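Undergrad: Before I ask anything, here is the structure I am working with.
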Amino acid sequence: MFENLQDRLGSILNGLTGRGALSEADVSAALREVRRALLEADVALDVVRSFTDRVREKAVGAEILKSIKPGQMVVKIVHDELIEMLGGEGVGIDLHAPAPVVVMMVGLQGSGKTTTTAKIANRLSTRDKKKVLMASLDTRRPAAQEQLRQLGAQTNIDTLPVIAGQSPTDIAARAVQAARLGGHDVVILDTAGRTHIDEPLMVEMADIKKRSNPHEILLVADSLTGQDAVNLARNFDERVGITGLVLTRMDGDGRGGAALSMRAVTGKPIKLIGVGEKMSELEEFHPRRIADRILGMGDIVSLVERAAENIDAEKAAAMAAKMAKGKFDLNDLADQLRQMQKMGGMGGIMGMMPGMAGMKDKMAAAGLDDKLFGRQIAIIQSMTKAERANPDLLKHSRKKRIAAGSGTDAAAINKLLKMHRQMADMMKMMGGKGKGGLMKQMMGGLAGKMGLGGGMGGGMPDLSNIDPRQLEALQKQAEGAGLGKPGGGMPGLGGLPGGLPGLGGAKLPGLGGGFPGLPGLPKKK
């Protein structure tokens with residue numbers, strides 16, 4: 001969503017950080033470029049104007065122009081103002097009200113209200129252990145109520161039975177009554193939309209609000225619609241009174257201007273963002289993390305949270321036990337590749353790592369894209385059980401058969417085997433004897449520093465039980481180590497800012513270049 005803006009702002013601010021001293025003319029020239037970049041990203045004009053004015057006011061002060069690193073100070077000011085523009089602190093759905101808490105979903109037709117209703121219900125049910133009832137008030141769109149019923153069946157969430165001929169306001173009243181009688185904690189009302197804002201829609205929304213007395217009114221807006229989404233939010237807020245925003249399709253290739261404008265224009269917090277089609281692909285909106293991503297500083301905390309949600313604790317414990325013995329076969333490698341796919345693939349992970357956002361294009365050019373994972377998993381799946389457990393069995397005739405079965409060639413199989421050997425060597429080293437092995441010492445030390453305690457036999461902390469405050473502490477630890485600064489990179493890896501082993505920087509032992517053993521990018525000349 002923010003890639004174009006990220007590239008533009010990154011190049012502008014990198015030009016400032018490389019200078020020893022800044023004049024007012026330098027700052028003004030940079031701010032002109034920032035203003036142009038924001039306008040091209042479809043951010044509202046008045047929002048851009050107030051943003052650049054605030055940055056200029058702080059950036060031309062004597063303490064900035066004469067500071068030791070004026071360029072980095074300007075970057076910090078831009079970063080802080082971006083956070084302010086996005087809303088300062090993240091705000092979640094407020095459930096502090098007598099049960100059942102009524103959440104009313106509003107928005108235009110096609111913005112993703114029904115799917116988002118199911119995603120929120122699924123999130124409240126699985127993460128917050130709430131008993132949720134969903135009710136469709138959309139009597140206009142064909143099969144709208146059936147769609148919500150099917151989504152409820154898919155996620156094991158209760159839905160209100162449909163009674164033909166009832167009006168939306170009657171359905172709303174019945175839903176609240178049913179939730180009260182059924183002992184539900186939350187009832188979510190999925191209202192009807194229109195192709196555009198009209199008077200009957202607003203009257204209907206006001207009537208539903210009067211009958212159901214919702215605690216939260218969430219406006220669902222498609223982030224790809226740009227400035228129209230901002231006007232929509234303003235109109236709904238004036239007529240119905242919204243308490244927050246949910247932006248869908250944030251994984252799209254839009255310019256991101258709606259997300260940057262809506263909070264500033266309406267004053268209402270963006271509470272959630274949809275980042276994919278799956279029921280689990282809904283995230284809380286954290287202004288600081290989004291600002292970090294836009295400025296290429298990475299988003300370590302979200303990466304850890306995503307890992308906690310996607311990594312199977314039992315498999316991780318089994319892997320730790322194997323590593324302690326120095327064992328690592330092709331089945332384990334396939335599991336590692338699948339875990340990376342679940343976490344958003346190479347692009348998703350790189351976008352969250354500090355200083356690595358600009359590496360995605362270089363990696364794609366070198367053939368290091370998400371399709372590579374699929375090909376490597378296909379090669380492993382084309383092997384027999386014995387071959388996966390013991391790769392030494394793979395001679396020429398067997399490789400020929402595997403190549404035919406996976407649609408690849410012998411060269412691809414040899415690359416995979418080389419990658420496996422390198423990772424297996426590293427696992428042996430990390431699981432070596434003495435004080436529980438290198439990996440255990442490293443991860444135990446890291447966990448101790450972060451105050452997260454031990455886990456998995458004193459090694460890697462159990463991510464699923466990390467408190468949000470500890471995650472914020474992790475972010476501060478990362479920033480303290482230079483991970484959260486533009487161009488700060490990852491400590492000890494050298495080379496490109498934020499370089500990973502084999503991507504042009506220094507290598508970790510056993511990796512031989514490349515992202516966990518993948519063929520590395522050529523070094524910078």
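The values are calculated or read from the model by the stated rules, or taken from the named source; none is laboratory data. Bear in mind that the values here come from a model prediction, so they are computed numbers and not experimental data. Cβ placement follows ideal geometry from the backbone for every residue including glycine, while neighbour counts extend to all protein chains displayed. All accessible areas refer to the heavy atoms of the entire protein, side chains included, with ligands and DNA or RNA removed. Shrake-Rupley method; radii C 1.70, N 1.55, O 1.52, S 1.80 Å.
Undergrad: Does any residue of the stretch 287-297 turn out to be within 30 Å of M383 (Cβ to Cβ), at pLDDT 65 or above, out of contact with any Phe, Trp or Tyr (no Cβ under 8 Å at 6 or more places or on another chain) and not basic (K, R)?
TA: Our first condition is that a residue be within 30 Å of M383 (Cβ to Cβ); within the stretch 287-297, this holds for none.
Looking through the stretch 287-297, none of the residues is within 30 Å of M383 (Cβ to Cβ), at pLDDT 65 or above, out of contact with any Phe, Trp or Tyr (no Cβ under 8 Å at 6 or more places or on another chain) and not basic (K, R).
Undergrad: Of the residues in the stretch 383-406, how many are open to solvent by less than 30 Å² (accessible area, probe 1.4 Å) and hydroxyl-bearing (S, T, Y)?
TA: 1
Undergrad: Same structure, new question: Among the residues of the stretch 173-198, count how many are more than 32 Å from the chain's Cα centre (by Cα) and not β-branched (V, I, T). Break it down into steps so the answer makes sense when it comes.
TA: Restricting attention to the stretch 173-198, the residues satisfying the condition of being more than 32 Å from the chain's Cα centre (by Cα) are 173-183, 198.
Those left that are additionally not β-branched (V, I, T): 173-175, 177-183, 198.
Going through the stretch 173-198 one residue at a time, the tally reaches 11.
Undergrad: Evaluate the following for A97: is it at negative phi, of a type outside the set (S, T, Y) and touching a strand residue (DSSP E or B) at 6+ places or on another chain (Cβ under 6 Å)? Full working, then the answer.
TA: Values: at negative phi: yes; of a type outside the set (S, T, Y): yes; touching a strand residue (DSSP E or B) at 6+ places or on another chain (Cβ under 6 Å): no.
So A97 fails the test.
Undergrad: Among the candidates M423, M442, which residue alone is open to solvent by less than 30 Å² (accessible area, probe 1.4 Å) and either modelled with pLDDT of 80 or more or part of a helix (DSSP H, G or I) (or both)?
TA: M423 is the lone residue from the list that is open to solvent by less than 30 Å² (accessible area, probe 1.4 Å) and either modelled with pLDDT of 80 or more or part of a helix (DSSP H, G or I) (or both).
Undergrad: Would you say D228 is of a type in the set (D, E), at pLDDT below 85, out of contact with any Ser or Thr (no Cβ under 8 Å at 6 or more places or on another chain) and closer than 26 Å to S280 by Cα? Lay out the reasoning, then the answer.
TA: Numbers: of a type in the set (D, E): yes; at pLDDT below 85: yes; out of contact with any Ser or Thr (no Cβ under 8 Å at 6 or more places or on another chain): yes; closer than 26 Å to S280 by Cα: no.
So D228 fails the test.
Undergrad: Conditions first: (1) free of Cβ contacts under 8 Å to residues at least 12 places away in the same chain; (2) among the polar types (S, T, N, Q); (3) under 24 Å from S125 (Cα atoms). N231 passes all but one, so which condition is the exception?
TA: Answer for N231: the failing condition is (3).
Undergrad: Would you list the helices (runs of 4 or more DSSP H) that sit entirely within the stretch 57-147 and hold 1 or more residues that are under 23 Å from K210 (Cβ atoms) and open to solvent by 10 Å² or more (accessible area, probe 1.4 Å)?
TA: Working: elements: 62-65, 70-86, 113-126.
Of the helices (runs of 4 or more DSSP H) lying wholly inside the stretch 57-147, those with at least 1 residues that are under 23 Å from K210 (Cβ atoms) and open to solvent by 10 Å² or more (accessible area, probe 1.4 Å) span 113-126.
Undergrad: To continue, here is another question. Do we find a residue being open to solvent by 60 Å² or more (accessible area, probe 1.4 Å), among the basic types (K, R) and at pLDDT below 85 anywhere in the stretch 3-11? If you could, list the steps in order and put the result at the bottom.
TA: So the first thing to find is which residues in the stretch 3-11 are open to solvent by 60 Å² or more (accessible area, probe 1.4 Å), and the list is 3-4, 7-8, 11.
Narrowing further to those that are among the basic types (K, R): 8.
Cutting the leftovers down to at pLDDT below 85 gives us 8.
Within the stretch 3-11, one or more residues are open to solvent by 60 Å² or more (accessible area, probe 1.4 Å), among the basic types (K, R) and at pLDDT below 85.
Undergrad: Quick one: would you say A221 is open to solvent by less than 10 Å² (accessible area, probe 1.4 Å), modelled with pLDDT of 80 or more and farther than 16 Å from A291 by Cα?
TA: Working: open to solvent by less than 10 Å² (accessible area, probe 1.4 Å): yes; modelled with pLDDT of 80 or more: yes; farther than 16 Å from A291 by Cα: yes.
Yes: the conditions hold for A221.
Undergrad: A further question follows. Please go through the stretch 167-212 and give me each residue that is in contact with a strand residue (DSSP E or B) (Cβ under 7 Å, 6 or more places away or on another chain), under 25 Å from I273 (Cα atoms) and open to solvent by 30 Å² or more (accessible area, probe 1.4 Å), ordered by number.
TA: Result: D185, K209.
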